[in-house]
Each structure stands twice: as C-alpha cells, then as structure tokens.
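Colleague: Before I ask anything, here is the structure I am working with.
The values are calculated or read from the model by the stated rules, or taken from the named source; none is laboratory data. The model shown is predicted, which means the values in this text are computed figures rather than measured ones. Counting neighbours? That spans all protein chains shown, and the Cβs are built from the backbone with ideal geometry, glycine included. Only protein heavy atoms, including side chains, enter the accessible area calculation; ligands, DNA and RNA are left aside. Shrake-Rupley method; radii C 1.70, N 1.55, O 1.52, S 1.80 Å.
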Amino acid sequence: MNHQQHHNNHQSKMLIDFKRRFFVSLIISFPILILSPIIQDLLNLEIKFTGSNYVLLLLSSFVFFYGGWPFLKGLFDELKKRSPGMMTLIGLAISVAYFYSTAVIFGLKGEFFFWELATLVDIMLLGHWIEMKSVIGASKALEKLAQLMPDKAHLLKNSNILEVKTKDLSVNDEILIKPGEKIPSDGIILKGESYVDESMLTGESKPVLKRKGDKVIGGSINGDGSLEVRIEHTEESSYLSKVIDLVKKAQASKSKTQRLADKAAFWLTLFALTIGLITLITWLVLGKGITFAIGRMATVMVIACPHALGLAIPLVVAVSTSLSAKNGLLIKNRTAFENSRKITTIVFDKTGTLTKGEFSISSVHSFDKDFNQNKIIQLAVSLEKNSEHPIATGIIKKAKESKVETLEVLNFKANKGKGVEGIINGKKIEVVSQNFLKEKKITLPKELKLNKVGTVVFVLADNKLIGSITLSDKIREESYEAIKQLKKMNIRCWMLTGDNKEIASLVTNELKLDGYFAEILPHEKQEKIKELQSKGEFVAMAGDGVNDAPALAQADIGIAIGSGTDIAAETSDIILVNSNPVDIMSLIIFGRATYKKMVQNLFWATGYNIFAIPLAAGILYSAGIIISPAVGAVLMSLSTVIVAINARMLKIKNSNKF
C-alpha cells in the first residue's frame, strides 16, 4: 500500500511540475509573441529596438529549455531505449523550430519560428497537465480503497478495552466494534448482532444482518449494534489487501487490446517521422523555402504524436478496474474481461450459484429396523461435520436443531462427487450420492419415492443401504432476473449439476434455461465445457471456484461466484464477491461498456490524424488552407483531453448497482 501511495505522490509531483512549467512558460510567451515579426504584422505593430532579436532569442531559449525540458528528457530516454514515441516527436518538433530560428538570428536567411515554438510548448504542457490530472484521478481510487481500513481498533484483553493500531492486531485477537465504526480487519463474530454496510467492498447496497458465527470484512461499516469479533486475518492478508493487490495487478497487466494500441503508437511514431521528412523534402523541391518546409514538417510531427493513443487504453483500464472492485467484480485477467462481450453461452453451476446452496432436510427414510430416523441423522451428521459441502451444512443444521449428539469417527475420507465415509462404532458408515449406488449396483427400496425437488443422499452401514435423507435447496430470487436479462442479450444459459435429472429438469424449466447437464462429477464438468466450445460457442463458466476449478480454467472466461473473502486461490479470470447471478449480467454489460470506451478512445486518438496529417503537410495549400504548428498542437492536445475525459465517463450500469 505504501508503494501505491509513493507512486501517487510521484505522479502528484509531476502534476505540480507540469502546472508550474505551463504557467511560467505562458507568461514568458507574451513578450515572445509581441516581439515576433509575424505577430507584429498581424497586429499592425512595430516594436523594434537594439538587440530586440537577442531578447527574443533569450526568452525563447528559456521557454525551450525550461518549458520543453520534460519533452527533451523524454526524447533522450526514448532514444536510449530504442523505442521512439510521442516524446521523440514533440522533442524533435520543438528542437527543429528552436535551432532553425536561432540560426536565422545569427544570419541564416529565413523567418523566426519562436512564437510557434513558445505556443507549441505551452499547449503541450497544458495537454500533459490535464492528462496527468485524469491519470491521478483514476489511480487515486486505489488509495481510497486503502483508506477504508480504520487506523485504530478496540482490543479486548482481560475484560479491559485497549485502543491499539490496526496494523498491530494479530490473528485470534478479540476486538470490540462499536456502533457506526469501521471494522478494522476480517474476523468472526463472537457476540452481538448488527447490520453491516459492505457496499464499498461488494457493491451490495443493502446492509447485511450479521450474527454470532458470521464473518465480517475489514473496511465495512458497523450499523447500530455492538460486535465482539475474533480476528481471522491481519492487515496484510485481509480481504481488502487482496483486492487492492488484484486491482494493482489488473491495472498493470496488459490485455491484447492494449498491446495492439502500444504497437499502433510505435508505428504511428515511425509513420510521423517518415511523413515529416517527406513533407520537408517535397516543399523544398517545390521551391517553397526552408522556413515554410520546416513549418510543415514540425506541424506534421506534432499532430501525429501518438500521445492520445498511448493514453487511450491505460486510462480506461485504471478507471474500470477500480470501479469494478468497488462493485464486487474483481478482474484478474484483463483480456478475459474485455472478451466478456463475446460470450454466447454461460454455464452455471447449480448449487450456490443459481440456488441458495442452503440445504434443509425435508424427509428422512429408514430401510433397516435397527436404525431409526434419529440414528440415521446421527450417523450422517457425525460423518458430515468433517465435510464442507453445502449438503453437509444442511444435515448439521438439522442435527443442531434436534440437539443430536455426534459420534466419534475414525479414518474419515471424502470422495469428491461421491460422498464421505468413516468408521463409527466399528462399522464402515458412508453417506453417498445416487450415482455411487448405481456404481455399486445397489438397488433402491421400492417404498422410496424420490422427492423430485430435493437432493437425496443415502446412508450405508458396512455396504448395506440403511436409510436416505432428502434435502431441498431453494432457487435464488435473483436467478430469475439474471437469466431473463441474459437471454434478452442473446446469451444461452446452461446448468451443470451433480444432482439427478429430475431436479435438473425442474430447475431448468423453472428458470427457463436452454439446457442442463445432470449427474455430473466434478472432473466431468471440464468435458462438458469442451463439448460446448467444440460447437463454436464462446463459453463463460460460473461456479464456486473450488470443485469447479478445472471447468473454470477450461472455459473461455471463468467466473468464480460467491468466493467471498477467499479470493486468492481461484483459477478464475473474474471473481464476483457476492453470490449474485445478476452480477454476471453487470459484468457483461460493464465489459462491453469498457471495450466500447477503448474503441472510442482509439478512434479519438487516431481518427483525427486521417484528416489532420494531410492538412498539416499542406495538401490544401493551393486552396489557402494551412495549419500552423500551434494549431496542430491544439488539435493534438484536444484529442488527448477528449480521450482522458471519455475514459473518466465510464460507469457501471445495471439493475443492482448505483
């Protein structure tokens, strides 16, 4: 974080430097204009005194070396790196104007270029100053994120409350958060309940009710209740630090679009130098004189500066990554984010994405007189308490409500996509899926009517089926809206689930999805994504990022949903902090808007060259249309300013945010 602040301080110093150089040069430009013969002719003035030309040279030298210093230094740096760019063009244009005019003062036949030199430097400095303001504005968003963390916290120690610095908190420290205070670090609530405002981190506008056992994120704001919290992460490993880190990496990473713009800027520089040289030679051959020819060459070089082009993409990147982070969209892969506009199919993992992922037991069956319903729940909960699957959570919840005692489990083992097993009281107990029964060729009892809207798990004792537990999961309200909107955008929506076909079909019909893949094991999810890709679909996969990792990696765009505070270990390209499917729609709309802004900026940065360069070269000279270097500089600066303002106008628009 200190590095970010250091970077911003450096940029702020540069901003002040450009501003100072601009105003000083502007003041000195006035006497230069008054002493210039061309301006005197225009104003019907005659101001001449002994040595007036040397005063003009002296003042112009000051503007050239003091005002033009950033460009001259830039020219030297670019040539040293062998990558001529915008600074090379500006540096060359002002150097040609300065040294040619100086030679005229000392006897070379021709006209001075001093007033053009001064106005050129002024306009370039002004353009840079405005642009720096935009760049700093965009990167300041990171600093604002860093400022979300409060400096101090109330540490609870031996029934005393001590005020300590947030950075001195350690894992497992217990802290008190008073009403209205910022939460200093990620943790778990030990005592109290309150509504917490997480909008600045997740974009979720409504405050969220937090109770004992719930997690809180550092940087969010406590509502009207007092909370006692046990710290889970220190400042460096907190969710907010990870977000800042991700945003920083995303801002620094280059997407294909940006690499294209960089290449274009390089070629435009070479093109400008070539056209500048051709312009000079052409007018000399046509006998228009060196003053005129140099004027045309300087104007061409200034107009063709790929300055706006160099800014076009990075500014949009800086604005979009920080805006996204504030709205719960964390971009890890910029190319994928820009490509979200190409999505033709989205594949959703069912549990926890389209559904709430909060299972509750709806029925329990016993198929063995030695095991009643309570015994079946007791065996299941003893095993499942070691598992993190949403189904396990549902069984544990029921056991807590019924105050069921858990039994000791030996040799616990989780088999991905199949179930869990362990030894309880000397018996091998398994809680498994219907797929597992099929594999083991265990037939289901006739009396079992599979609940079509529930997920059924089976309990085995020493490989014998003794009971079943049916759990139901609710479809999220937001899923209806998300699917409706995505289909409006002509995006096909599919679902992947390990559940049976009946449940998959019900959810598909309920949400009006385009199709589903049911009874899929985690490792098979990747194959289904490949299947869709082989049909020419551009596939995004939305899943929970843990057992969906191979599928997320296989998809053209991997979207990890609801990973909450654990954002680092995902194989996804984009992370949605809230488990809200509507955010996928926001992501696509925002991805499209960002890409559109980039294209607009590339147009503003280069489009004007198509008209301006031939005019600068003097193509319409015979019609009396000519562009002076100063007007060229105005055009060039204008395109840069338009690009900077256009980038800042980027907004996230959707039904949920703002």
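Colleague: Need the C-alpha centroid separation for region 343-394 versus region 509-539, integer Å.
Modeller: That distance is 23 Å.
Colleague: A further question follows. Could you work out the Kirkwood radius for region 469-523, taking every pair of different alpha carbons, averaging 1/r and inverting it, reported in Å?
Modeller: On the way: mean 1/r = 0.0832 Å⁻¹.
For region 469-523, the Kirkwood estimate is 12.0 Å.
Colleague: Now for a separate question. Determine the shape class of region 353-439: with a ≥ b ≥ c the square roots of the Cα gyration tensor eigenvalues, call it rounded for a/c under 1.5, and otherwise prolate if a/b is greater than b/c, oblate otherwise. Can you show the working numbers first?
Modeller: Numbers: a/c = 1.36, a/b = 1.13, b/c = 1.20.
Here region 353-439 falls in the rounded category.
Colleague: Pairs to check: 182/210; 13/242; 418/441; 342/535; 375/428; 242/528. Give those whose C-alpha atoms are more than 20 Å from each other in this structure. Could the numbers behind the result be given before it?
Modeller: Numbers: 182/210 14 Å; 13/242 28 Å; 418/441 14 Å; 342/535 15 Å; 375/428 15 Å; 242/528 32 Å.
Violating the 20 Å Cα-Cα cut-off are 13/242; 242/528.
Colleague: Set the Förster distance to 51 Å, then compute FRET efficiency between residue 356 and residue 271 from the Cβ-Cβ distance, nearest 0.05.
Modeller: Numbers: r = 58 Å, r/R0 = 1.13.
Efficiency computed from Cβ-Cβ geometry: 0.35.
Colleague: Given a Förster radius of 56 Å and the C-beta distance between residue 514 and residue 163 as r, what FRET efficiency does 1/(1 + (r/R0)^6) yield to the nearest 0.05? Kindly include the intermediate steps, with their values, before the conclusion.
Modeller: On the way: r = 57 Å, r/R0 = 1.02.
Between residue 514 and residue 163 the formula returns 0.45.
Colleague: I would also like to ask the following. Could you tell me the accessible area of residue 462 in Å² (1.4 Å probe, neighbours in place), rounded to the nearest ten?
Modeller: Spelled out: residue 462, probe radius 1.4 Å, area about 80 Å².
Colleague: Roughly what would the spin-label model give for residue 256 and residue 599, points 7 Å off Cα along C-beta, in nm?
Modeller: 1.5
Colleague: Also: Roll a 1.4 Å probe over the protein heavy atoms and report the accessible area of residue 77 in Å², nearest 10.
Modeller: Counting only protein heavy atoms, the figure is 50 Å².
Colleague: Continuing with this model, one more query. Relative to the present Cα-Cα distance, how much length would full extension add between residue 397 and residue 444 at 0.36 nm per residue of separation?
Modeller: 14.3 nm
Colleague: Pulled fully out, how much extra length does the chain show between residue 263 and residue 474, if you take 0.36 nm times their separation in residues and subtract their Cα-Cα distance? Intermediate values should be presented prior to the final figure.
Modeller: Working: separation 211, 0.36 × 211 = 75.96 nm, distance 5.09 nm.
Full-extension gain reported as 70.9 nm.
Colleague: Show which aspartates and glutamates lie in cross-link reach of residue 356 when reach means a straight Cα distance below 16 angstrom and same-chain residues fewer than eight apart are skipped.
Modeller: The qualifying aspartates and glutamates are 388, 473, 477, 478, 481, 499, 510, 544, 583.
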